[in-house]
Amino acid sequence: MAKIYTIPNIITFVSIILIPIILYLLFSENPNIVLLAGALFIISSISDYFDGYLARTLNQSSKLGTLLDPIADKLLIASVIVVLVDTDVITNIHVIPAIIILLREIAISGLREFLAKLNTEMPVSKLAKYKTTFQMISLSILIISLGFELNDLLWNIGLVTLWIAAIITLLSGYNYMAKGLKHI
């Protein structure tokens, strides 16, 4: 079996393929279709954990997986944030944590690219893993609230967790920048 066709890589490929489907379903007027989008988002989010776990457990880590896994996460989170802002699920002052999340992802991706040119790696921190988890939980709740036609309780829980995710995102971004700037 070629290193490209490992179980973890296939899971990552499927997650990437699901992104446009999730986005399309989020624009539906039918709450059941939106809930399907939420279910697919949750499956993609959970698969993020399993692809890494399986890569380590089955000794199937690959350069392609190392490249695609974080890209898949960022594409999923960023595109869903954009759609939730566009569909007014995330509005007003709550757009601020959404922007914080997007800007941090862009900044840290740029920092990682710069450090790669210096042959310097920056491993994923525990705080960054918590950040991704909170982002995925928050967006899952917000999508589900949309499926239940913006159920106020779910929507408010989703917004609170979005703010928590943004705070963790800022802390994680600060830690990466502080470490990365030492190499400049």
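The values are calculated or read from the model by the stated rules, or taken from the named source; none is laboratory data. Nothing here was measured: the structure is a model prediction, and the numbers come from that model. Every residue, glycine among them, receives a Cβ derived from its backbone with ideal geometry; neighbour counts consider all protein chains shown. Heavy atoms of the whole protein, side chains included, go into the accessibility calculation; ligands, DNA and RNA do not. Shrake-Rupley method; radii C 1.70, N 1.55, O 1.52, S 1.80 Å.
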For this session: Output the residues belonging to region 14-39 that are more than 14 Å from Ile77 (Cβ to Cβ) and buried (at least 17 other Cβ atoms within 10 Å of the Cβ).
Result: Leu25, Val34, Leu35, Leu36, Ala37, Gly38
Exercise. Any idea which of Leu54, Leu58, Leu23, Leu40 is within 22 Å of Ile7 (Cα to Cα) and modelled with pLDDT of 95 or more?
Worked result: Leu40
Problem set entry | Test set (1) at pLDDT 95 or above; (2) assigned to a loop (DSSP other than H, G, I, E, B) - Leu18 fails condition number | (2)
Exercise. In this structure, is Val89 in contact with a helix residue (DSSP H, G or I) (Cβ under 8 Å, 6 or more places away or on another chain), open to solvent by 80 Å² or more (accessible area, probe 1.4 Å) and outside any helix (DSSP H, G or I)?
Worked result: no
Seminar exercise, completed: Matching residues in region 102-161 (aliphatic (A, V, I, L, M), in a helix (DSSP H, G or I) and open to solvent by 20 Å² or more (accessible area, probe 1.4 Å)) number 14
For this session: List the number of the failed condition for Ile96; all other conditions in (1) under 13 Å from the mean Cα position of the chain (by Cα); (2) touching a residue at least 24 places away in the same chain (Cβ under 8 Å); (3) open to solvent by 50 Å² or more (accessible area, probe 1.4 Å) hold.
Result: (1)
